[in-house]
Amino acid sequence: MTDPANSQRPNADNDLPAGKETLLSLRGVSKSYRLWHKPYERFLYGTLNSVPRCAPGVLRRAAATRKEHLGTEVFALSEINLDIERGGSIGVIGRNGSGKSTLLQLIAGVLQPTTGQISVKTKRVAALLELGSSFEPEFTGRENVLLHGAMLDIPEEENQGRLQEVLDFSEIGEYFEQPVRTYSSGMMLRLAFASSITLRPDLLIVDEALSVGDIFFQQRCFEKIRELVAHGVTIFLASHDLRSIGEFCERTLLMNEGRVAFFGDSKTAIDHYYGLTQSDRMLRATKSAMPLGDSIEPDMVGHSSSGVALEPVKSMHPNRDAAARFLGFAVMDQAGKHTGFFRQGDWLTIIYDIEVRAEIENLSCGIVYRDDRGFFLHAKYLFQDDVRKPRNVKVGERLRATISSRLDVNAGSYTLGLDLISVPDLAFEDGKLTFAAFELHHRRVCTTPGLFAFTVSFNPEREGAEFTHLGLFDLPSRMSLEQVNR
């Protein structure tokens, strides 16, 4: 994978395609905030800042010197240079605190830059930032929609003419005539989105807003955004949903620590994002590193690995009265290194220790995978590997589970959890276990919520295509294409 640090182009002009008109331009844009160490510093800073230009030079210089020692200046954005052409969909991604929301608020005009210039060559800019932040709680939905249009200088006839379209898209019915303080968050989102898209903006800015609605409303929103893009509207979409960014956005802006880390093809930007995530995890792992035992390879499942440093499991259910509980865990790659970053086809190994507190018949360890939206994807248990492996356990025993999985999944973010179940002997018939018998007789002993988050990226070092498949999972396949002689 290309090192993201070598791909940074914070001072690049982004090489606009020939013949494209520039809609948005940022030059040397920075945004800083001052953090105050003591309450009186804010008041004193304001007082010194109000020294008039006509004051003696000695006084103005003394005030400037004193201000420098009040509080600490922190930059949310640093020296952003960016050119965006008219039309198309632009994704904005980055970890929390990378500057995504600040950048979009500056472009929308909600914030003003500390230094630098922002040029937006259009008057029609619609922004969905904080949910319903521009709505007056005591006004009805209708009144807020009209106020929204009036603030953007939409002609009265056009403003009135879009009301029915807003009502149809938002599907809030009679609540359209009720104060928005009575709305649920979902209704607020529907109205805000409907009001923004019916403004016929040249630039639409959406900051994580679409993650609030249900999946059906999200699908309608994306379909509407595609329609707007087809009509020449420029879309800025900030989201942690990398799958949606990759599928929807033509180009993506990757922010990191207040700077542009990459701007270009969305798939490449997402790959760089995973690289940043890996670097961050590796740095944290280095700071808290403990000696590891032998490398954990996939063919070592079930072997001793007593030298591995385990992190404590702090949350499980049930937490107190479980017949067995989790003590600690470690997640490693196929080289035996602690990591949360993998490539398609890599092996992930998890090791966890179990303390037995009551006699259990046929205890079986397992692992559960979920996607970034919390949807259940996959679970695998010891009895599925071999029905002879589960064992009866007694009070006071301490066990170690080792499970390795090959990550034949789509690039994205995932979580894993731990699970312990008991499958009694009566569920088995002639050494076989049917699904019906399992459903009827198995008992959950202890489980965890999403215990560990990790990312899977494409593999640029793979021969041919860097991605192994399309869709969520890769299935074992055999393929051929041959000429048939007639």
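The values are calculated or read from the model by the stated rules, or taken from the named source; none is laboratory data. These numbers were taken from a predicted model, which means no experiment stands behind them. Counting neighbours? That spans all protein chains shown, and the Cβs are built from the backbone with ideal geometry, glycine included.
Take segment 353-387 and flag every residue that is of a type in the set (A, V, I, L, M, F, W, C) and either loosely packed, with under 15 Cβ neighbours inside 10 Å or out of contact with any Pro (no Cβ under 9 Å at 6 or more places or on another chain) (or both).
Selection gives Ile354, Val356, Ala358, Ile360, Ile367, Val368, Phe375, Phe376, Leu377, Ala379, Val387.
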Sort through Gly71, Gly87, Gly94, Gly19 and tell me the only one that's surrounded by fewer than 17 Cβ atoms within 10 Å (Cβ to Cβ) and either of a type outside the set (Phe, Trp, Tyr) or modelled with pLDDT under 85 (or both). Gly19
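Working carefully through the options Glu143, Glu138, find the one that is assigned by TED's automatic domain parsing to the domain that holds Gln160 and assigned to a loop (DSSP other than H, G, I, E, B).
After ruling out the rest, the residue left standing is Glu138.
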Just to check your reading of the model, which residue among Phe176, Phe169 is aromatic (Phe, Trp, Tyr), farther than 29 Å from Glu85 by Cβ and in a helix (DSSP H, G or I)? Phe176
Show the residue pairs meeting these rules: Cβ distance below 8 Å; 6+ apart or different chains; first residue within segment 76-88 and within 17 Å of Pro113 (Cα to Cα); second residue small (Gly, Ala, Ser) and not in a strand (DSSP E or B). Ala76/Gly99; Ala76/Gly258; Leu77/Gly99; Leu77/Gly258; Ser78/Gly258; Asn81/Ala12
Among residues of segment 126-137 being touching a strand residue (DSSP E or B) at 6+ places or on another chain (Cβ under 7 Å) and surrounded by fewer than 21 Cβ atoms within 10 Å (Cβ to Cβ), the residue farthest from Arg259 (Cα to Cα) is Pro137
Given Glu158, Glu171, Glu165, which one is of a type in the set (Asp, Glu), at positive phi and surrounded by fewer than 21 Cβ atoms within 10 Å (Cβ to Cβ)? Glu171
Residue list for segment 215-245, restricted to those being within 24 Å of Phe375 (Cβ to Cβ), buried (at least 18 other Cβ atoms within 10 Å of the Cβ) and in contact (Cβ under 8 Å) with a residue 60 or more places away in the chain: Ile225, Leu237, Ala238, Ser239, Asp241, Leu242, Ile245
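Among the strands (runs of 3 or more DSSP E) confined wholly to segment 343-438, which include 3 or more residues that are within 22 Å of Arg320 (Cβ to Cβ)?
Where strands (runs of 3 or more DSSP E) fall fully within segment 343-438 and carry at least 3 residues being within 22 Å of Arg320 (Cβ to Cβ), they are 347-356, 360-371, 398-406, 412-422.
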Within segment 230-242, the residues that are out of contact with any Phe, Trp or Tyr (no Cβ under 9 Å at 6 or more places or on another chain) and part of a helix (DSSP H, G or I) are Ala230
Yes or no: segment 251-264 includes at least one residue that is assigned to a helix (DSSP H, G or I) and either modelled with pLDDT of 80 or more or of a type in the set (S, T, N, Q) (or both). no
By residue number, the members of segment 143-194 that are closer than 16 Å to Gln218 by Cα and among the charged types (D, E, K, R) are Asp168, Glu171, Arg190
Counting just the residues of segment 466-486 that are modelled with pLDDT of 85 or more and surrounded by 10 or more Cβ atoms within 10 Å (Cβ to Cβ), which one comes out farthest from Val409 (Cα to Cα)? Thr468
Assuming Asn319 fulfils every condition listed in (1) farther than 27 Å from Glu439 by Cα; (2) part of a loop (DSSP other than H, G, I, E, B) apart from one, which condition is it? (1)
Residue hits (segment 334-370; without any contact (Cβ under 8 Å) to a residue 60 or more places away in the chain, touching a Phe, Trp or Tyr at 6+ places or on another chain (Cβ under 9 Å) and over 21 Å from Asp385 (Cβ atoms)) are Glu355
Looking at Leu283, is it crowded, with 17+ Cβ neighbours inside 10 Å and either over 14 Å from the mean Cα position of the chain (by Cα) or at pLDDT 80 or above (or both)? no
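Could you pull out the residue among Leu111, Leu35, Leu26, Leu59 that is crowded, with 18+ Cβ neighbours inside 10 Å and either of a type in the set (A, V, I, L, M) or at pLDDT below 80 (or both)?
Leu26
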Please verify whether segment 94-115 includes one or more residues that are in a strand (DSSP E or B) and not basic (Lys, Arg). yes
Among (1) in contact with a Ser or Thr (Cβ under 9 Å, 6 or more places away or on another chain); (2) more than 19 Å from Ser457 (Cα to Cα); (3) of a type in the set (D, E, K, R), the one test that Arg343 misses: (2)
How many residues does segment 398-421 hold that are within 22 Å of Arg370 (Cα to Cα) and touching a residue at least 60 places away in the same chain (Cβ under 8 Å)? 14
